[in-house]
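Undergrad: Below are the structure tokens for one structure; questions will follow.
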Amino acid sequence: MDFLSRWVNKPVGMGVVKKGPGSRQLPIVFVFLLPGIFLFLVFNIYPLLKAFQISFYDWSIVPTNPSTFVGLDNYAQALADPIARLAFRNTVLYTMITVPGQIVLALAAALLLNSIVRGKVFLRTLYYLPVITSWVIVSLLFRYMFQSPNGFINYLLVNVLHLVESPIGWLQSASTAMIPVWLLGIWKGIGWSMVIFLAALQTIPAEIYEAADIDGAGNFHKLMRITLPLIRPTLVFVVVMLIIGGLNVFLPVALVTNGGPLQQTEVVLTYMYHQAFDFLEFGYGSALAFMMAIFIVSLSFIQLRFFRQPEEIF
Amino acid sequence: MGQKTSSMGAATMFRYLILIGGAIIMVVPFLWMVSTSFKEYAYVIEFPPKLIPEAPTLNNFVEAWTTGQFQVYFKNSMIVAVISVVLAVLISAMMAYAFARFRFPGKEILFFSILLLLMVPNIIGIIPQFLLAKALGLRNSLFGLILFYVATSLPLNTFLLRGFFETLPRELEDAMLIDGANYFTIFTRMVLPLSKPALATVSIFSLLGFWDEYILALTFIDDQTKRTLPIAIASFHGQHGTDWGLVFAASLIAMIPIVALYIVLQRYFTAGLTGAIKG
């Protein structure tokens with residue numbers, strides 16, 4: 001893998017071009033690049049820069065009314081806004097719960113699947129089903145299952161398993177409303193990580209385990225000393241990707257709780273979206289979005305520095 | 001992991017037990033969805049809930065398919081997803097080839113911005129994208145959606161394909177160059193045909209993303225006749241008294257193309273993903 005480490009260190013364009021960047025090549029490469037670069041600059045880069053600009057304004061959505069430059073006011077407002085802080089907390093908590101949840105369960109599923117022969121493909125397909133199903137559909141499905149008092153989950157807990165006395169109002173209370181969202185995030189993501197882990201496990205030669213067997217190593221020992229170190233690059237990749245994905249959480253919150261009750265389950269991006277498109281606070285929304293983007297990018301860089309082993313740096 | 005023949009029976013049994021238990025948790029929500037879609041008047045929540053409907057009916061499917069403009073939404077989704085995939089894969093393949101094979105000014109900074117956008121979610125730019133779409137007259141237009149979909153999928157697709165193209169043997173290209181072929185011939189006759197597995201993977205994941213895309217479509221489209229399926233399904237979930245049977249019948253109809261695709265092309269779903277990491 002090492003794509004993550006590669007791009008930090010290694011200059012791109014190691015490709016040997018025999019003729020050098022001669023006059024004949026420049027127009028050719030231009031034709032290959034032009035459509036992509038055009039779309040990329042207009043629809044990706046420009047909006048990002050524009051968001052940065054808007055974040056310093058009390059942005060007027062009516063073109064005839066001038067927008068007022070307010071400096072860092074929107075950022076100051078975000079830092080002081082209790083709902084924004086709560087939304088940030090909810091976002092981080094979502095990440096801290098769903099990332100380890102997905103990693104552990106996906107790794108367990110991959111290890112188990114890798115050790116069986118019959119039914120492997122069939123079981124893998126079942127675990128992968130939530131991955132290929134749209135967020136909209138599974139979010140509505142979880143909303144339906146966690147309804148109270150007569151939803152499927154309450155029925156299971158109260159009437160079948162007898163774990164609780166009376167139905168839980170999952171989505172009515174701020175303290176429980178994020179639980180369906182967390183479970184959804186884990187449930188939907190397991191298959192994705194599992195498939196990647198499975199592929200990495202299959203590259204480990206069986207002889208290593210045979211040698212460990214001869215040495216009398218137990219299963220736990222083999223896992224810690226052989227399996228995990230050998231799939232380390234894959235683990236790092238999956239962890240970094242899942243953390244980025246977790247901090248970007250939007251749809252499951254928007255569709256399961258929509259930030260409710262009383263904005264207590266907002267995450268940063270749903271709060272940003274509500275500010276922008278419900279209250280037309282484009283300046284404030286852009287500041288929120290930008291702070292989140294900076295947070296995600298810095299965190300990813302820190303992780304890459306932290307996870308990379310000394311020999312991977314050069 | 002290494003298995004000792006002596007304990008294999010019990011250990012294997014245990015493994016299957018856990019795996020099947022996990023699989024049940026993965027699948028039960030879907031069974032529940034299917035079951036609800038066969039129940040009439042599912043907004044009256046029955047208690048206790050029954051997994052097997054007492055009087056199964058196809059009415060929800062008929063209603064979902066025929067009422068309102070569901071067929072229009074289905075067609076819109078098809079148009080947007082298919083055209084976007086073709087354009088996205090072609091354009092990102094071209095860009096990836098340029099990155100894999102040429103030197104050009106600004107290459108480093110361009111590649112770095114692509115990688116940066118892999119981390120930053122598209123929704124960060126949703127406000128200016130909305131303003132841009134409005135200014136360019138691209139709101140309420142499937143063409144507008146297509147442009148934004150293609151653009152937002154470029155960073156990942158380009159990155160994945162570049163990794164694959166770099167593994168292609170350069171000698172073949174050199175031989176073709178010596179024979180007088182130009183880079184377009186090489187690209188269309190050699191690079192693309194040799195990259196079929198990678199192109200298939202990129203196409204599948206792009207298609208999945210476009211078929212399910214919600215935020216841009218929600219933000220850009222007001223005109224009911226331009227809606228795509230995810231918006232339509234979410235709008236079935238009304239504020240008051242959602243008819244869940246209808247919601248899930250519509251959801252299942254929307255899932256059919258994706259599940260069919262997955263069953264037929266399953267190997268590309270996994271092969272490509274892992275190839276990308278090795279990249």
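Undergrad: Extending each Cα 7 Å along its Cβ direction at A:Q172 and B:F184, get the distance between those two points in nm, one decimal.
TA: 6.8 nm
Undergrad: What FRET efficiency comes out for the pair B:I52/A:I61, r = Cβ-Cβ distance, R0 = 45 Å, nearest 0.05?
TA: It comes out at approximately 0.30.
Undergrad: Inside 10 Å of the C-beta atoms of A:107-117, what's the mean count of C-beta atoms belonging to other chains?
TA: Mean shielding by partner chains, rounded to a whole number: 3.
Undergrad: Sorted by mean Cβ packing within 10 Å, highest first, what order do the peptides A:271-277, B:148-154 take?
TA: Descending packing order for the listed peptides: B:148-154, A:271-277.
Undergrad: Please list the helices of chain A that count as membrane-span-like by this rule: a mean Kyte-Doolittle hydropathy of at least -1.0 together with Cα atoms stretching 24 Å or more along the helix axis, each helix being a complete DSSP H run.
TA: Helix filter hits for chain A: A:82-114, A:178-202, A:282-307.
Undergrad: Rounded if a/c is under 1.5, else prolate if a/b beats b/c, else oblate: with a ≥ b ≥ c from the C-alpha gyration tensor eigenvalues square-rooted, which is the range B:68-236?
TA: prolate
Undergrad: Let me ask something else. Go through the range B:15-25 residue by residue and turn each phi into a ³J(HN,Hα) via Karplus (6.51, -1.76, 1.60, θ = phi - 60°); whole Hz please, and just put x for glycine and proline.
TA: My calculation for the range B:15-25 gives 4, 4, 4, 5, 4, 6, x, x, 4, 4, 4 Hz in order.
Undergrad: My understanding is that a pair violates if its Cα-Cα distance is over 26 Å; which of B:K134/B:K196; B:K75/B:K134; A:K50/B:K75 do that in this structure?
TA: Cα-Cα > 26 Å for B:K134/B:K196; A:K50/B:K75; rest within.
Undergrad: While we're on this one: Nearest 500 deg cm²/dmol is fine: what mean residue ellipticity at 222 nm does chain A get from its DSSP H runs of n ≥ 4 alone, each adding -39,500 (n - 2.57), divided by its residue count?
TA: The helix-only estimate for chain A comes to -20000 deg cm²/dmol at 222 nm.
Undergrad: How many angstrom separate the Cα center of the range A:114-179 from the Cα center of the range B:160-219?
TA: Distance between centres, Cα-based: 39 Å.
Undergrad: Starting from the Cα gyration tensor of chain A, take the square roots of the eigenvalues, sort them a ≥ b ≥ c, and report rounded, prolate or oblate (rounded when a/c is under 1.5, otherwise prolate if a/b is larger than b/c, else oblate).
TA: The shape class here is oblate.
Undergrad: Between A:A206 and A:F279, what length comes free when the chain is fully extended (0.36 nm per residue of separation minus the Cα-Cα distance, one decimal in nm)?
TA: In short, 20.3 nm is gained.
Undergrad: Right, another one. Shielding of B:100-111 by partners, i.e. mean partner chain Cβ atoms within 10 Å per residue?
TA: Mean shielding count: 6.
Undergrad: Quick one: grab the alpha carbon gyration tensor of the range B:59-160, order the square roots of its eigenvalues as a ≥ b ≥ c, and give me rounded if a/c is under 1.5, else prolate or oblate depending on whether a/b is larger than b/c.
TA: prolate
Undergrad: Sort A:101-107, B:188-194 by the packing proxy (mean of other Cβ within 10 Å over each peptide's residues), most packed first.
TA: Ranked from most to least packed, the peptides come out as A:101-107, B:188-194.
Undergrad: Per residue of A:141-151, how many C-beta atoms from partner chains lie within 10 Å of its own C-beta, taken as a mean?
TA: Mean partner shielding for this stretch: 4.
Undergrad: Can I ask one more? Report the label-to-label distance for B:T225 and A:I83 in nanometres (one decimal), using points 7 Å from each Cα along the Cα→Cβ vector.
TA: Going by the 7 Å Cα→Cβ label model, 3.7 nm.
Undergrad: Given points 7 Å out from each Cα along the Cα-Cβ axis, report the A:L163 to A:L299 separation in nanometres with one decimal.
TA: 2.7 nm
Undergrad: Separate question: If I stretch the segment between B:Q266 and B:L172 completely, what's the gain in nm (0.36 nm per residue apart, minus their alpha carbon distance), one decimal?
TA: Gain on stretching B:Q266 to B:L172: 30.8 nm.
Undergrad: Search the structure for amide H atoms under 5 Å from the amide H of A:Y57, placed 1.01 Å from N in the peptide plane, and list their residues when 5 or more places away or on another chain.
TA: A:V70
Undergrad: Which peptide among B:99-110, B:253-264 comes first, and what is the full order, when sorted by highest mean count of other Cβ atoms within 10 Å?
TA: Highest mean packing first, the order is B:99-110, B:253-264.
Values quoted throughout were computed directly from the atomic coordinates according to the rules given, and no laboratory measurement underlies them. None of the values given here were measured: they were computed from a predicted structure. Positions of Cβ are generated from backbone atoms using ideal geometry, with glycine treated the same way; all protein chains shown enter the neighbour counts.
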